[in-house]
Amino acid sequence: MAGYLAGDAVVTLRWQEAPAPGRLEMIDQTRLPAVFEYLSFDSAAGVAEGIRTMIVRGAPAIGVAAAYGVALEALRMQDQPRAAFDAALERGFELLAGSRPTAVNLFWALQRMRACRDAHGGTSVEAIARALLHEAQLIHAEDIRINCQMGEHGAVLLPDGARVLTHCNAGALATAGHGTALGVIRSAVAAGKRISVFADETRPFLQGARLTAWEMVQEKIPVTLITDNMAGHLMACGEIDAVVVGTDRVAANGDVANKIGTYMVAVLAQRHRIPFYVACPLSTIDLSVASGREIPIEERAPSEVTGFREAQWSAPGVQVRNPAFDVTPAELVTALITEKGVVDAPDEIKLRSLFGG
Ligand code: MRU
């Protein structure tokens with residue numbers, strides 16, 4: 001198992017220089033934990049499809065992948081005339097922007113790549129392509145650094161011996177490395193605290209059972225898997241000391257969109273007076289949406305609810321809803337953990353001040 005780790009971390013995405021002009025490799029997260037395999041990508045269309053089909057998932061990882069998707073498209077087209085290069089790049093931006101709607105990191109990363117393209121617009125296509133690859137690599141490296149900073153700020157909140165519930169996967173697999181919510185846990189463990197984790201299985205896509213449990217097992221952090229409907233019982237029995245989750249988009253008023261089921265966990269945490277923390281890089285805060293009501297919630301295929309992969313167990317023809325995310329109102333959030341520090345009881349004034357506003 002240690003073979004899956006580079007140093008002490010899972011490497012979700014990696015850039016390979018050879019063969020020229022380079023390619024992006026990403027762990028196929030749809031097959032974990034049964035199969036550990038990197039898939040190779042060489043175009044924006046390929047990366048967009050990888051995001052849509054959740055080969056890569058998790059808000060920050062989607063952002064990093066999309067940035068590389070733009071760079072790949074530019075590198076792929078750098079021998080073409082300028083008009084063809086510009087048209088292909090624009091199409092690449094569109095495909096990537098249409099891949100998944102909720103995680104704002106995707107749009108944040110594309111915005112950065114557009115700004116980079118525009119800043120180098122007066123140079124050659126080769127120079128634009130080089131600049132875009134450099135920008136994607138910056139976004140990649142920054143994400144790891146930011147996760148480690150969040151980890152340090154968040155670790156302070158967890159007492160020695162804490163039993164921490166998490167929902168979905170907000171770990172190394174969901175980011176460029178270290179993770180957001182699991183990054184807080186990793187940093188607390190690295191600081192010498194004895195932390196144990198309860199992982200909600202996270203129906204219907206099972207990110208908790210398949211990914212969070214796998215990550216924790218790789219690193220020998222004690223983890224206990226529960227089904228989503230067990231969290232209330234364990235809280236009532238006094239077995240959970242804190243909740244730490246990630247997020248896909250935080251609105252200006254502090255409302256938190258995250259994996260479906262997070263809202264339920266937050267309500268339960270409040271009922272049992274358990275702190276509910278959200279690990280949230282600034283790239284996940286979207287000041288352009290006033291409240292969670294404006295956050296687009298992805299609806300996924302009914303087959304995810306009626307069964308899992310080939311095993312379909314529901315009555316054929318049944319009606320299904322499959323919203324992939326929900327919104328936890330800011331009033332249920334004890335604190336946001338950002339790279340700039342911990343924001344208690346987040347509200348619009350506190351969030352704007354993070355951006356100097
Ligand atoms: O549908 P997914 O697996 O992309 O959803 C992921 C989540 O909801 C994570 O909690 C969120 O992206 C934060 S990841 C650091």
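The values are calculated or read from the model by the stated rules, or taken from the named source; none is laboratory data. Predicted, not measured: the structure shown is a model, and the values here were computed from it. Glycine gets a Cβ as well: all are built from the backbone with ideal geometry, and neighbour counts include every protein chain shown. When the accessible area is computed, the model is the full protein with side chains, heavy atoms only, and any ligands, DNA or RNA have been set aside. Shrake-Rupley method; radii C 1.70, N 1.55, O 1.52, S 1.80 Å.
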Scanning for something modelled with pLDDT of 95 or more, in contact with a helix residue (DSSP H, G or I) (Cβ under 7 Å, 6 or more places away or on another chain) and more than 16 Å from the ligand (Cβ to nearest atom), does the range 25-36 turn up at least one residue? yes
Taking the range 35-70, which residues are of a type in the set (S, T, N, Q) and surrounded by fewer than 18 Cβ atoms within 10 Å (Cβ to Cβ)? Ser40, Thr53
Scan the range 289-329 for residues that are out of contact with any strand residue (DSSP E or B) (no Cβ under 9 Å at 6 or more places or on another chain) and either open to solvent by 60 Å² or more (accessible area, probe 1.4 Å) or within 28 Å of His140 (Cα to Cα) (or both) and jot them down. Pro302, Arg309, Glu310, Gln312, Ala315, Pro316, Gly317, Val318, Gln319
Considering only residues that are part of a helix (DSSP H, G or I) and open to solvent by less than 10 Å² (accessible area, probe 1.4 Å), which ones fall in the range 196-222? Gln207, Gly208, Leu211, Thr212, Glu215, Met216
Taking interchain pairs and intrachain pairs at least six residues apart, which have beta carbon atoms under 6 angstrom, with the first residue in the range 89-100 and farther than 15 Å from Met54 by Cα and the second among the charged types (D, E, K, R) and surrounded by 13 or more Cβ atoms within 10 Å (Cβ to Cβ)? Leu89/Glu73; Gly92/Glu73
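Within the range 152-184, which residues are more than 12 Å from the ligand (Cβ to nearest atom) and part of a helix (DSSP H, G or I)?
Once the filter is applied, which keeps residues that are more than 12 Å from the ligand (Cβ to nearest atom) and part of a helix (DSSP H, G or I), the range 152-184 yields Glu152, His153, Gly154, Ala155.
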Filter the range 308-353 for residues that are in contact with a Ser or Thr (Cβ under 9 Å, 6 or more places away or on another chain), small (Gly, Ala, Ser) and at negative phi and give the result. Ser314, Ala315, Ala324, Ala330
If Arg249 satisfies all but one of (1) within 11 Å of the ligand (Cβ to nearest atom); (2) in contact with a Gly (Cβ under 7 Å, 6 or more places away or on another chain), what's the number of the condition it fails? (2)
Count of the range 268-288 residues which are open to solvent by less than 10 Å² (accessible area, probe 1.4 Å) and farther than 16 Å from Leu158 by Cα: 3
Within the range 260-267, is there a residue that is touching a residue at least 40 places away in the same chain (Cβ under 8 Å), surrounded by fewer than 16 Cβ atoms within 10 Å (Cβ to Cβ) and in contact with a Leu (Cβ under 8 Å, 6 or more places away or on another chain)? yes
Would the range 72-94 turn up any residue that is surrounded by 15 or more Cβ atoms within 10 Å (Cβ to Cβ), of a type outside the set (Ser, Thr, Tyr), assigned by TED's automatic domain parsing to the domain that holds Ser43 and within 16 Å of the ligand (Cβ to nearest atom)? no
